[in-house]
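Everything below concerns the one structure shown next.
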Amino acid sequence: MNNQLFYNIAFGCYFISALLYILFMVSGKEVLGKIATAIAVVGGVINTVGFILRWAEGGAGHAPFANLYESVTFFVYVTVAFYLYLDIRYDMKPVGAFVMPLAFLGMGYANLLDPNIEPLVPALQSNWLLAHVALCFVGYAAFAVSYGLVTMYLLKTPKKRDVEVSTNFSIINLAFFVATIAAFVAFIILSVMATAKYQVALPGLSPAAGDRAIIVGAWVVVFVGLYAIFSVARERIRDKLTSYFSVLNISFVVTTCFYLIIEGVAQKLSLGSQQTALYFTSPRFLIYKSLILLAILVLSMIISSWKREALAAKLPDLQQLDNINYIAIAFGFPFLTAGIISGAIWANEAWGTYWSWDPKETWSLITWFVYAAYLHARYMAGWKGVKTAYLAVYGFLSVIFTYFGVNLLLSGLHSYN
Amino acid sequence: MVKNRARKNKTFWGWVWHYCCSIKVALTILILLALTSIIGTIIAQEAPEKMFQIYQPATANILIKLGMNDMYNSWWFIALLGLFILNLTCCTIDRFMPTWKLITKPKKNFSLDCIKARKNSDEIIVPSINGVAEITGIIKKFGYHVTLTDEHSLYAYKGRWARMGYIVTHISIIMVLIGAIMGKVSGYKGFMQIQEGEISPWYWSRTLNKAAKLDFMLGLEKLYMEYYPPEFYFEISDVRNGRVLGKPKVSLGEKFKVPKTGIKGQVVDYRPDYRVADPRPVAERDLTAPPEYPAVLVKYQEKGRVIGERWIFVAGRDLLRQQPLLPDVRISLYNLYAERTKDYKSTLSVYDKGERVLTKTIEVNDPLRYRGVTFYQSSFDKEKRVSGLQVAHDPGVPIVYIFCSTMILGVMMSFYISHRQLWFKVEKARQGYKINMAGMANRNPLGFKQEYDKILAVFNKRKSSG
């Protein structure tokens, strides 16, 4: 139980540090920023001690990467470390106001999980575990920091009030929303029908569950996909989206992710994994929860439009943010590459296949494609600003899905962490 | 170069080549690959008969007809991968020579005006410096290679090979895919089930979808299994207000305190799957109900005296009507780890031409290799004493491994090293020298600016001290 005490103290440090960073942002007092960084460093050191103790407790061959508690705390730890490195190297204190709250939320989330050290299943008893997880998570941490930077970038991007609403835009917009609503209604009707026919209370994967997964999946993919394509490809739409929806977009992504994660884990603990899949695809879940999400969205919209300009003035300039964001992604990308490759080699040593298109593998490859697109767009195609910022947002969305979504919603080899 | 390309575009093949090398096409392919890959993570990738278990018959039929149950091997996905490789190859060929020139024949000399027009550019007058040689010394300390281009001009560079990073990466990706194709074409994968004491050359080939024979025989000498000791997690709460009093974690035989009572409990027996016979006929039984009703038998002691035994179940799944022994507290089980496999190993022997040539104990993550065939521990059956082995022959693996390593190398070259260049014009001033300095890096402008400022600071220091 020793290590948990350290993790809890680190949790406290991250909380205080996050608060001070936000105060620093609001007041602009340098001292607060310095104290916040100092406390974050203390938290990081305590976190390191906890990590080492936990490793010692589990035994030398048992690196603490075996369950969700360990992986989330490690993710937070590496993210804080990477942020502190960036701050020391490039003096980026305002980023702390976006990264430390993430660290605090991550630690808080870990506190809801089962912290027991579990014995390793045979598949995880390999030296590759350490290399694979460490490499992937350093990559993820860099992408998390990049996400903080992109949030700031989009917040800072000035509103363009003079964008005219072309007929083109309104037709696409209308078609988009009609399609979304139609898909949603079709989904509800289909699932109600399926519920009546197969009785969802049945445990195990009833025939309807697969169908529902497709409908929900298609719905989400179409929604996010169209949004992604519009935001990256059409300049006019992008300006429109940026002026009104950038913060909305980001808060939507964050709240949805956190919500799904917390809900998913809670349900998985009490229901078991197959029941969780059913629960997530039940109409009741979607109707009630989308109402809650909508409320959060409206709230975040009000908060974000309120004094947005005053907040934006306190952020570093756009060029600086863009450069640092590039540093974060260019730092993380080789780690992600090496992480995927180490996973492939490990799989070949354990099962005789280095690539099997299992959902976790595939999603990590999707993340890799998105960030590869970002790097090429920025360097070769000369894309700048908001366009690449959106690509980075979708990259991080893909990271989150690779990390949590696959385990909670899809099944595969990686089901243990 | 630009002229050349413009001329090429006029012919049909020039136009095709232009599209093959286009960065827009590359980005489109990357994004398309990302989007289409999602499909296979949502739709189950299973054999047709299994699809019918997962989906309603109509859905399953449509999915199978569209080839969605084996999406990553479908013609259109393979075609997309083919386009990806084509684009990658063309881009690499197209940009190789310009990159090579940037590395080997960079522009070393600029006019003073050109230097002044650069983004990172400064003019310093340093009184206490002894000509070009000393400046060279200062820049060399920062790890630069310095050449004198004429008597007034210096050119310094470092990390120039970083520009090759993307070429290394691209070639590696192409080679990894070639290795993968080699494995698909001339390799095979299969499954072997072998009983303790049995010697057999037969395995089930997934490539051929029938039983196949190895060139040699494999025997299972012994099968070992190891388990972690069982562990039980209890939740003890107050009957009156439901407040949780404690969550002890105990192993078999270990004692735990029951809060508020002074009584100690000890786990004496357990059933991972406790079932009470269902009195209804089979047709009426709910066979789909979760089969797990774990239960733990706890013996209670008060001051060393045994006061009774009770079966403890998961909350709400109590299958027995037991008279409560401790009326103040409610004890329930919330986790039970009974047979957690710690390890399973098979001692295998290879018989080639009637002779035993090799014996090895394999486990997950530690396979046996013989004549290009690898045997992986994948499953076991405790009762039947059968070991399940994956059989794989993949001649592409060495290529995949080598080029995966070079790919990491290439990506690291591209993003962790930058090609940094400095240009100097040195002129004799009334006192000391006037230095015009300009710099550029192909990556990480912020990092470069910091180094540039440091170099500038060295010169500025000379200014004040002199």
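Numerical summary
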{"read-out": "Inter-label distance for residue B:416 and residue B:357, nm, one decimal - labels placed 7 Å from Cα along Cα-to-Cβ", "value": "4.1"}
{"read-out": "Distance in nm between pseudo-label sites at residue A:311 and residue B:66 (7 Å out along the Cβ direction from Cα)", "value": "4.0"}
{"read-out": "Net charge, residue B:143 excluded, C-beta distance under 10 Å - Lys, Arg +1, Asp, Glu -1", "value": "+3"}
{"read-out": "Per-residue mean of C-beta atoms belonging to partner chains within 10 Å, peptide A:135-143", "value": "0"}
{"read-out": "Cα-based helix-to-principal-axis angle, B:445-465 vs chain B, degrees rounded to 10", "value": "50"}
{"read-out": "Kirkwood Rh and Cα Rg combined as Rg/Rh, the range B:326-412", "value": "1.27"}
{"read-out": "Average Cα contact separation per residue, chain B, under 8 Å, 6 or more apart, as relative contact order %", "value": "21"}
{"read-out": "Unit charges at the beta carbon, dipole of chain B: most positive-side option, B:436, B:27, B:172", "value": "B:436"}
{"read-out": "FRET efficiency, 1/(1 + (r/R0)^6) with R0 51 Å, evaluated for residue B:429 and residue B:76 via beta carbons", "value": "0.15"}
{"read-out": "CD proxy at 222 nm, helix term only [per DSSP H run n ≥ 4: -39500 (n - 2.57); per residue of chain B; nearest 500]", "value": "-11500 deg cm²/dmol"}
{"read-out": "Residue-span extension gain [residue B:149 to residue B:13] - 0.36 nm each, minus C-alpha spacing", "value": "44.8 nm"}
{"read-out": "Cβ-based net charge around residue B:264, under 10 Å, with every Lys or Arg adding one and every Asp or Glu removing one", "value": "+3"}
{"read-out": "FRET efficiency, residue A:23 to residue A:91 (Cβ-Cβ, R0 25 Å, nearest 0.05)", "value": "0.85"}
{"read-out": "Dimensionless Rg/Rh of the range B:180-275 - Kirkwood Rh, Rg from C-alpha atoms", "value": "1.36"}
{"read-out": "Test item: A:344-353 mean partner chain Cβ contacts at 10 Å", "value": "6"}
{"read-out": "Viscosity 0.890 mPa s, 25 °C: Kirkwood-radius Stokes-Einstein D of chain B over Cα pairs, µm²/s", "value": "79"}
{"read-out": "Volume in Å³ per residue [convex hull over Cα atoms, computed for the range B:143-184]", "value": "67"}
{"read-out": "Distance (nanometres) between label positions extended 7 Å along Cα→Cβ at residue B:321 and residue B:47", "value": "4.9"}
{"read-out": "Relative frequency of Cα-Cα separations exceeding 22 Å in the range A:1-80, percent", "value": "31"}
{"read-out": "Chain B: angle of helix B:131-140 to the longest principal axis, Cα-based, in degrees nearest 10", "value": "10"}
{"read-out": "Cα-based Kirkwood hydrodynamic radius, the range A:23-153, one decimal, Å", "value": "15.7"}
{"read-out": "Residue mean of other protein chain beta carbons inside 10 Å, A:366-377", "value": "5"}
{"read-out": "Kirkwood hydrodynamic radius over Cα pairs of the range B:2-102, then Stokes diffusion coefficient at 25 °C and 0.890 mPa s, in µm²/s", "value": "151"}
{"read-out": "Loop trypsin sites (Lys or Arg not before Pro), the range B:53-131 (other Cβ atoms within 10 Å of the site Cβ: 14 or fewer; DSSP)", "value": "B:107, B:119"}
{"read-out": "16 Å tail of the calculated P(r), the range B:73-112, as % of Cα pairs", "value": "58"}
{"read-out": "Degrees between helix B:23-42 axis and first principal axis of chain B (Cα, 0 to 90, nearest 10)", "value": "0"}
{"read-out": "For the range B:65-177, average projected area of the Cα convex hull in nm²", "value": "11.3"}
{"read-out": "Net charge, residue A:92 excluded, C-beta distance under 15 Å - Lys, Arg +1, Asp, Glu -1", "value": "+1"}
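Since every read-out is calculated from the coordinates, none of them should be taken as a lab result. Keep in mind that this is a model prediction, so the values were computed, not measured. Positions of Cβ are backbone-derived with ideal geometry, glycine not excepted, and every protein chain shown enters the neighbour counts.
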